[in-house]
Amino acid sequence: MISTNGRTIAVLGATGRQGGQVVRHLLEKGWKVRALTRKPESKKAAALKALGAEVVRADLEDKASLEAAFEHAYGLYNMQAPVPGKIEVEIRQGRNAAEAANKTGIRHLVYGSAGIGNQETGIEQWDAKIEVTRIMKDLGLPLTTLRPMAFMELMTDPAYFPNTSVWYIWPRLSGPDRQIAWISIHDVAAIAAKAFADPDEYIGRDLPLAADVQSLEETREIYREVMGKYPSRFPMPMFLFETFVGKDLGNMWRWLRTHHMDLDTRPALEIHPQAMTVRAWLERQVS
Ligand SMILES: NC(=O)c1ccc[n+]([C@@H]2O[C@H](COP(=O)([O-])OP(=O)(O)OC[C@H]3O[C@@H](n4cnc5c(N)ncnc54)[C@H](OP(=O)(O)O)[C@@H]3O)[C@@H](O)[C@H]2O)c1
C-alpha cells in the first residue's frame with residue numbers, strides 16, 4: 001500500500017461514465033485528482049470541480065496538451081472512447097496517451113480496456129485495446145490492465161438506447177440464452193482505486209472483470225422481478241441500428257453467439273467481494 005498523501009492521479013474520460021466513477025472513488029480514498037476533459041467549461045466538468053477535482057483541459061489528439069496535463073502526476077487512469085468504423089482513432093489516441101505518460105514519468109497507469117484479452121477478433125473496439133496495450137508494454141510503462149466485460153449500465157442508461165440495443169437487438173444476435181459476464185462501472189472504478197493504492201500488487205496484472213454471469217433472458221427476468229415489469233423493447237431493423245451506432249456492436253454480439261467472453265468472476269470478486277450482482281445493481285437503481 002502507498003500513501004495517497006499529496007499524490008495526484010490524472011483521469012482521462014473524467015466527464016464520462018467510467019472516468020467519472022474513477023474520479024469519485026479516488027477522491028473518496030484521499031487522492032488528489034486531475035480530471036481531464038476537452039471542455040473544462042462544461043456542466044460535467046463543473047460537477048467534478050465541485051467534488052474537489054482539479055479540472056484540466058486535455059485532448060487525446062493533442063500530445064502537448066496531454067504532456068502538460070500529466071506533468072507531476074503520480075498516476076494515470078487511461079481510457080479512450082471508440083469512434084465507430086475508425087479503429088485507427090482509438091489506437092492513435094492511445095499511443096498519444098502512452099507516449100505522454102512515458103515522457104512525463106507517470107509511475108502507475110491503470111488502463112480501462114475491454115473484452116477478451118490478447119486474441120484478435122475483428123471487433124474494432126477490442127482489437128484497438130490490444131494494440132494500445134502493446135504500445136504501453138513496448139514503452140515499458142508500469143501498467144495495470146482492467147478488462148471489464150459487459151457494463152451493467154447497458155441495461156438502463158438511456159445513452160445506450162437499451163430498449164433497442166440490449167433488450168431487442170443483442171438477444172437476437174447473441175441468442176437470449178447466451179451467458180453474459182457483467183460488471184458495474186461503479187465496481188470497475190472501485191477496483192481501479194484499489195489498484196492505484198497497491199502498485200506492488202497490481203502493476204503488471206491483466207484483470208478480466210466480471211461480477212455476475214447471467215444470460216440476457218435471465219437478466220430480463222431479474223429486471224422484471226426488481227422493477228415490477230419487463231424492460232420495454234423497441235424493435236428496429238439492423239440496418240437502421242447500424243446507421244446510428246456503426247457495425248462494431250453488431251459484430252461483437254454476433255461473435256458472442258459462437259464464442260465466450262471470459263465468464264470467470266473470481267478475479268473481480270477476490271479484489272472486490274462487494275461487487276454487485278445484476279440483481280443488486282438493478283435494486284440500487286430503484287432504491
Ligand atoms: N459498454 C460496455 O459494456 C463496455 C465494457 C467494457 C469496456 N468498455 C469500454 O469503455 C469505453 C467507454 O467508456 P465510457 O462509457 O466511460 O465512455 P463515455 O462515457 O462515452 O466517455 C467518453 C469520455 O472520453 C472523453 N473523450 C472523448 N474524446 C476525447 C479526446 N479526443 N480527448 C480527451 N478526452 C476525450 C470524453 O470527455 P470530454 O468530452 O469531456 O472531452 C468523455 O469523458 C470504451 O473504450 C469501451 O470500449 C465498454
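Remarks
- Over the chain, the reciprocal of the mean inverse Cα-Cα separation, the Kirkwood hydrodynamic radius, stands at 19.4 Å.
- Calculated FRET value between His259 and Asn5, using beta carbons and R₀ = 45 Å, to 0.05: 0.50
- Residue-wise HN-Hα couplings along segment 155-166, as the Karplus relation 6.51 cos²θ - 1.76 cosθ + 1.60 with θ = phi - 60° gives them from phi, are 5, 9, 5, x, 4, 8, 6, x, 5, 8, 6, 6 Hz; Gly and Pro carry x.
- Once both labels are positioned 7 Å from their Cα atoms along Cα-to-Cβ, the gap between Ala47 and Tyr230 label points is 3.2 nm.
- For segment 174-287, the Kirkwood estimate of the hydrodynamic radius, built from every pair of different alpha carbons, is 16.1 Å.
- Just checking the listed ones, Met236, Met152, Met79: in the Gaussian network model of the chain with Cα springs under 10 Å, the one fluctuating most is Met236.
- Protein accessible area in the chain, 1.4 Å probe - carbon and sulfur %: 50
- The mean accessible area for residues of the chain, using a 1.4 Å probe and ignoring ligands and nucleic acids, is 45 Å² per residue.
- Choice from Leu109, Leu27, Leu66 showing the highest fluctuation, given a GNM over the chain with Cα pairs closer than 10 Å: Leu27
- Counting DSSP beta bridges with both ends in the chain, the antiparallel % (nearest 5): 15
- Low-density loop positions, trypsin sites (Lys or Arg not before Pro), segment 186-233 - DSSP coil, at most 10 other Cβ in 10 Å: Lys229
- For segment 23-65 versus segment 147-167, the inter-centroid distance based on Cα atoms is 25 Å.
- Considering only Ile191, Phe239, Asn163, and ranking their Cα positions along the charge dipole of the chain that arises from unit charges at the beta-carbon of Lys, Arg, Asp and Glu, the one farthest toward the positive end is Asn163.
- Unit charges on C-beta of K, R, D, E only; dipole of the chain, Debye: 620
- Within a Gaussian network of the chain (alpha carbon springs, distance under 10 Å), most fluctuating of Pro237, Pro148, Pro82: Pro237
The values are calculated or read from the model by the stated rules, or taken from the named source; none is laboratory data. Predicted model only: the values in this text are computed from it and were never measured. Every residue, glycine as well, gets a Cβ built from its backbone with ideal geometry; the counts of neighbours run over all protein chains shown. These accessible areas exclude ligands, DNA and RNA; they are computed on the full protein's heavy atoms, side chains included. Shrake-Rupley method; radii C 1.70, N 1.55, O 1.52, S 1.80 Å.
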